[in-house]
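What follows is a single structure, written as structure tokens, with notes after it.
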Amino acid sequence: MQWKGLSLKKKIAVIANGWSNEIVANALEGMKRCAQEVESDIFLFLSYASWGNEATLNEAQNSVFKLPRMEEFDGAIILSNVLNASYETVQTICNRIVEAGIPVISVGMEFADAGFIVSDNTIGMRDLAMHMFEKADVNRVVYVGGSEEHPDCRQRLEIAQEVAAQYGKKIADEDIYYSDWSFVMGREIAFKICDEKGIPDAIICANDYMALAVASGLLERGYSLPEDVYISGFDYVREGQDFYPALSSVSQNYEEIGYKACRWIYDVAEGKNPERVIEIPSQSIAGESTLGPNVEYDNKRRKIGQQAYFNEINELLLQERIGRVEGAILRSKSVDELKGTLAWYYGRGDQHEGDSFYMVMERDFFNSVYEHRVNISDIKICEQKLVVVAIKNKEKVDVQVIDRNDLIPGYVKDEESHIYCFAPLHQGGDTFGYMVFVDNDKFVRQRKITTYTGRIQYTMERFRNNLYVDMVNKELLEVSTTDSLTGLHNRFAYTQIVLPMFEESQKNKEKMAVVFIDINFMKVINDKFGHLQGDLALRIVADTIKKYLPENWVALRYGGDEFMLFGKISEGINIDSLETDIRDGILRAKEEMALPYDLSISYGHTFTDDTPGKQLREYVREADVHMYTMKKIIHDRIAGK
């Protein structure tokens, strides 16, 4: 493990799991102090993988660790002991960072090519176990761990067993349980203990969350703590101290661990040669769950009670905020409208997301819909990503796409130190983007990020499905309103497309043109030259109409050899010229194709006006009358010959 002085980029990557929110938040406090000293930014890549999840879900959550190009950072910190991942999985993450040529330090798990910082858990755990076993009434002790393979879990059990032996006691194999770090399984273990062997004298848990799960199960069965059973945890998290009875636990001093880890990275990056292994002493803290009621904890809980109402209001405001964003997403009819709407919502700033916020997705997430690739697993991974939201200090960042390695749209290191928290967006096991929360330690500590991303990613899936349904409906409408011979709209389009156009023009007091076209002597062409030539004549007229049809106009084959054109009159459109262009275009096509018959049209037009109650069919009749006037002149002239 050798690094020379590196060119500083003033960025540090942190790999963590958000379920251990207190540990991560406390470590961030220490990292933030160090980052401010060196004027560096912290890029926190936060997964919510869980031992109880399906493997595919964990892979999607842990995909956030693959976002950073590690060469772009001064170093990386892995909070390996709380990643909810196997040693081999964390080793893979560590190897990737080492291969990037930057210093990496692991918190909790030791790897050969990385720095190692650890809380000396043996001190605190031994003191806590002694505190339990020295009680005269403690004989039978149960141990509840997270997972059997987790190194911290194994170490805490071994220490508890050693201390038990010192007091001439033993933790029986049948009194060792593992919960896979699941609250539900922790409660079930408590029920099992009560039902099968009866309540023990004490329960030692691998961390505070397991202790809280077991305690809730015991309390539900009617037991009192610590009167009926002593219970302890580990990590000294806020929830354990707010609980009644407040948990006896061990503080690992994660704030100091965070500071030392960050300082180690910059000592290495600056060419210094710090010790590879750093130990931070842990501290045993006896609480009410082994000592009984305590006035100090009572005072804390009073303050919590005073704050409870405000916390509830803030939670309701957050849910309302997310609901408004969800509504804005689902009301959008296109990706451009979606981006504009979200820019407005997030650009106002909010106490929850803060003044800066980003949402980035795979470019193909939306585009794939238009190629009928509905499953998210079918989206293509491109070198550029789509910027859906980019707000910095309440101002929109005008960036449409970013390269995969850029991570944050328009990112420029400024004089202040910031924390950028990345969380993945996914559907099941398929990842399609990520969010970035800026300087929002509160969201990390309160576990709001998993709630926020969970709801928004589900809403984005619904929006994407809406795009697909809308596209399919348009395709069905196009098929149902298209004349298969000419490719123009058919008569059905008159009610589905033209009538709504007319109603809108009337509402906006806009003039609309109605043009009626009829092929001259069509019956003669069919009778004398056959229906194949008749079909060819229809296609020539239709293709010529398409060629000269103004933008946003509608042309349809009304029936037989009759065609109608509808469109709003705008600057540059002259109906007489349009009719002449179509007529001359048909004549040129006839000559170029050397048709054995004359091919010409009659036409007439009219304009809508603001006559109250006048229907579109009346204007069509007027245009039809004008067309037949021209047709009669042509037929009379031919008959006169």
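Each value in this text was obtained by applying a stated rule to the coordinates, not by laboratory testing. What you are looking at is a predicted structure, and each value in this text was computed from that prediction instead of being measured. Every residue, glycine among them, receives a Cβ derived from its backbone with ideal geometry; neighbour counts consider all protein chains shown.
Based on the Cβ-Cβ distance of LYS135 and SER50, what FRET efficiency does E = 1/(1 + (r/R0)^6) give at R0 = 35 Å, to the nearest 0.05? Working shown, then result.
Numbers: r = 34 Å, r/R0 = 0.99.
Step by step, r from the Cβ atoms, then E = 0.50.
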Using a simple spin-label model with points 7 Å from Cα along the Cα→Cβ vector, what separation in nm is obtained for LYS197 and CYS382?
-> 6.0
Treat every Asp and Glu Cβ in segment 275-325 as -1 and every Lys and Arg Cβ as +1, leave all other atoms uncharged, and give the resulting dipole magnitude about the Cα centre to the nearest 20 debye.
-> 220
Antiparallel bridge percentage (DSSP; both residues within the chain; nearest 5) = 55
Just the isolated ones, please: cysteines in the chain lacking another cysteine beta carbon under 4.7 angstrom.
-> CYS94, CYS153, CYS194, CYS205, CYS382, CYS421
Measure of compaction for the chain (Cα Rg per 2.2 N^0.38 Å) | 1.43
Any idea how far the Cα center of segment 186-234 sits from the one of segment 498-527, in Å?
-> 81
For segment 500-537, list residues with backbone N below 19 Å from a point placed 7 Å from the Cα of ILE569 toward its Cβ?
-> 501-517
Output for segment 227-283: trypsin sites (Lys or Arg not before Pro) sitting in coil per DSSP, at most 14 other Cβ within 10 Å, listed by number, reads LYS272
From the residues HIS426, THR459, SER377, which one has its Cα farthest along the dipole of segment 310-462 in the positive direction, the dipole being from +1 and -1 charges on Cβ of Lys/Arg and Asp/Glu about the Cα centre?
-> THR459
Using label points projected 7 Å from each Cα along Cα→Cβ, tell me how many nm separate THR92 and ARG588, to one decimal.
-> 6.4
Simple spin-label estimate for ASP267 and GLU37 in nanometres, 7 Å along Cα-Cβ = 1.0
Two-decimal ratio, segment 301-438, of alpha-carbon radius of gyration to 2.2 N^0.38 Å = 1.20
How much length is gained if the chain between GLU618 and GLU29 is pulled fully straight, taking 0.36 nm per residue apart and subtracting their Cα-Cα distance, in nm to one decimal?
-> 204.5 nm
At most 15 other Cβ within 10 Å, DSSP loop - GluC sites (Glu not before Pro), segment 191-249 = GLU227
Take the Cα of ARG637, step 7 Å along the line toward its Cβ, and report every residue of segment 507-535 whose backbone nitrogen sits under 18 Å from that point.
-> 517-522
May I ask you to compute the full-extension gain from ASP173 to LYS528, defined as 0.36 nm times their residue separation minus their alpha-carbon distance, rounded to one decimal in nm?
-> 117.7 nm
In whole Hz, what ³J(HN,Hα) sequence does segment 584-595 give by Karplus (6.51, -1.76, 1.60; θ = phi - 60°), x for Gly and Pro?
-> 5, x, 5, 4, 5, 5, 4, 5, 5, 8, 6, 5
Answer with one residue from ILE105, GLY567, VAL524: the one whose Cα lies farthest towards the positive end of the charge dipole of the chain, charges on Cβ with Lys, Arg +1 and Asp, Glu -1.
-> VAL524
Would you mind checking the tilt of helix 183-196 against the longest principal axis of the Cα atoms of the chain, expressed as 0 to 90 degrees and rounded to 10?
-> 50
Can you tell me the 0 to 90 degree angle between the C-alpha axis of helix 208-220 and the longest principal axis of the chain, rounded to 10?
-> 90
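If segment 134-291 were replaced by its equivalent ellipsoid, with semi-axes equal to the square roots of 5 times the Cα gyration tensor eigenvalues, what would those be, largest first, whole Å? Could you put the intermediate results ahead of the total?
On the way: eigenvalues 209, 55, 44 Å².
Result for segment 134-291: semi-axes of 32, 17, 15 Å.
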Working from Cα positions, state the angle (0 to 90°, nearest 10) between the long axis of helix 531-548 and the longest principal axis of the chain.
-> 70
Could you run the Karplus curve 6.51 cos²θ - 1.76 cosθ + 1.60 with θ = phi - 60° over segment 31-42 and give me ³J(HN,Hα) per residue in whole Hz, x for Gly and Pro?
-> 4, 5, 4, 5, 4, 5, 5, 9, 6, 10, 9, 10
Net charge near SER577: determine it from the other residues with C-beta under 12 Å of the C-beta of SER577, scoring Lys and Arg +1 and Asp and Glu -1.
-> -3
